[in-house]
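Beneath this line is the structure, given in structure tokens, with notes to follow.
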Amino acid sequence: MTENYTHLPVMPEEVARLLVTDKEGVYVDATLGMAGHTLKLLSVLGPNARVIGVDWDPEMAAIAAKNTAGLGDRVKIIQGNFANIDEMMNRENIKNISGVLFDLGVSSLHFDKALRGFSLRNDGPLDMRINQTNPLTAYAILRYWPYEQIEHLIRVCGERNAGKIARAIITKRETKPLETTGELRDLVERVLPYRGEKTHPATKTFLSLRVAVNYEFDNLTRGIQKIIPFLSKGGRIGIITFHSLEDRIVKETFKFMTKMGDWHAVTKKPVTPSQEEEAANNRARSAKLRVIEKI
Ligand SMILES: C[S@@+](CC[C@H](N)C(=O)[O-])C[C@H]1O[C@@H](n2cnc3c(N)ncnc32)[C@H](O)[C@@H]1O
């Protein structure tokens, strides 16, 4: 059952204000989730505007369908990876869009539902797949990948003790491979004791596994590249990131696009949530919104 899960969209007002340039245009919500941003966009758009909502996770697409029931053809939901967004646009015969939003990462549901294996607090299987038809799981990485690859992926996500953690994983699997998120959290705690800090010492290890399982950086780069030809002049790309690696990819990509001359930055600096929003929504704390416009 999924009825009790909720997800508060991050910076909905800012997204609507900065993304919408044509009130009757076609918009793409590339990370539909529970449709929070889609509903916000539709509330400021005119009756002829449409939102195409994409989510890789069939469970999220089904929830979004429920949450947008009654909106008729103002919303079209497509289940798929935004890395292939060009194929989706071609299939729908969509040529000119006014804006696209990428609200990166996973939904609150993914963390709250222990069985999906994303959470270091709710014990569950080491899964972490956004789309569960994907053959690669966190369990497989921790069980089969060599030390060097595990150390590398943890280090890339900014964990200074990647070597220690990777060695502990390899030693542990010689007797019994890690099977649950709780076991992984406990193993990291043995290497890096938890003293009640705001950020748990296993946070970067969990993030690195999620990013690797879902090839999130590849998807992001491809998603941006593939949507570019479908934007009208004056059309905008808005991206919300939740950690510095993702934000660096967006910042560098947007910088390159503006340098090439076809785009200009709408946000010179990333927009961040208000203090009120941060207080009301813990997930918003690390969010950054960057917006760019096609000239
Ligand atoms: C932060 S949530 C979006 C929440 C949404 N804006 C809302 O208001 O409910 C990110 C969503 O993107 C989806 N997602 C992650 N990677 C994706 C990808 N490569 N292609 C399509 N959807 C993806 C996740 O399944 C998740 O539902």
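The values are calculated or read from the model by the stated rules, or taken from the named source; none is laboratory data. In this text, all values refer to a predicted model and were calculated from it rather than measured experimentally. Cβ: placed from backbone, ideal geometry, glycine included. Neighbour counts: every protein chain shown. We work out accessible area using only protein heavy atoms, side chains counted, and drop any ligands, DNA or RNA first. Shrake-Rupley method; radii C 1.70, N 1.55, O 1.52, S 1.80 Å.
Using per-residue counts of other Cβ atoms within 10 Å, averaged over each peptide, order 58-69, 23-34 from highest down. List each step's numbers first, then the result.
Numbers: 58-69: 17.8, 23-34: 23.9.
Top to bottom by mean Cβ count within 10 Å: 23-34, 58-69.
With charges set only on the Cβ (+1 for Lys and Arg, -1 for Asp and Glu), what does the dipole of region 135-213 come to about its Cα centre, in debye to the nearest 20?
140
Counting only residues 5 or more places away or on other chains, whose amide H sits under 5 Å from the amide H of Val51 once H atoms are built in the peptide plane?
HN-HN under 5 Å from Val51: Tyr27, Val75, Lys76.
Any idea what diffusion coefficient region 135-213 gets from Stokes-Einstein, in µm²/s, Kirkwood Rh on alpha carbon pairs, 20 °C, 1.002 mPa s? Working shown, then result.
Values: Rh = 12.4 Å.
In µm²/s, the coefficient rounds to 173.
Determine the principal axes of the Cα atoms in region 21-114, then give the extent along each, sorted from largest to smallest and rounded to whole angstroms.
40, 27, 21
What does the charge dipole of region 196-295 about its Cα centre add up to, to the nearest 20 debye, if the Cβ of each Lys and Arg holds +1 and the Cβ of each Asp and Glu holds -1?
Numbers: 18 positive and 11 negative charges, 61 e Å.
In debye, rounded to 20, region 196-295 gives about 300.
Which one, Val28, Asn48, Ser274, projects farthest toward the positive side of the charge dipole computed for the chain from Cβ point charges (K/R +1, D/E -1)?
The residue sitting farthest along the positive end of the dipole is Ser274.
Let me see the P(r) profile for the chain: every Cα-Cα distance counted, bins of 5 Å, each bin given as a percent of all pairs.
P(r) for the chain, in whole percents per bin: 1, 5, 12, 16, 18, 16, 13, 9, 6, 3, 1, 0, 0.
How much FRET efficiency would the formula 1/(1 + (r/R0)^6) give for Ser274 and Asn131, where r is the Cβ-Cβ distance and R0 is 51 Å, rounded to 0.05? List each step's numbers first, then the result.
Details: r = 33 Å, r/R0 = 0.65.
Calculated transfer efficiency: 0.95.
Given a Förster distance of 41 Å, report the FRET efficiency between Glu92 and Ala265 from their Cβ-Cβ distance, rounded to the nearest 0.05.
That gives a FRET efficiency of 0.90.
Per the 1.4 Å probe, what fraction of the accessible area of the chain, in percent, lies on carbon and sulfur atoms?
Summing carbon and sulfur atoms, their accessible area is 52 percent of the total for the chain.
Size of the dipole of the chain about the Cα centre, Lys and Arg at +1 and Asp and Glu at -1 on the beta carbon, nothing else charged, in debye to 20?
Values: 42 positive and 36 negative charges, 136 e Å.
The dipole magnitude comes to about 660 debye.
So between Lys233 and Arg248, what do we pick up on full extension, going 0.36 nm a residue minus the alpha carbon distance?
On the way: separation 15, 0.36 × 15 = 5.40 nm, distance 2.54 nm.
Here the answer is 2.9 nm.
Heavy-atom accessible area per residue, the chain, 1.4 Å probe: how many Å²?
Values: 13970 Å² over 295 residues.
I get 47 Å² per residue for the chain.
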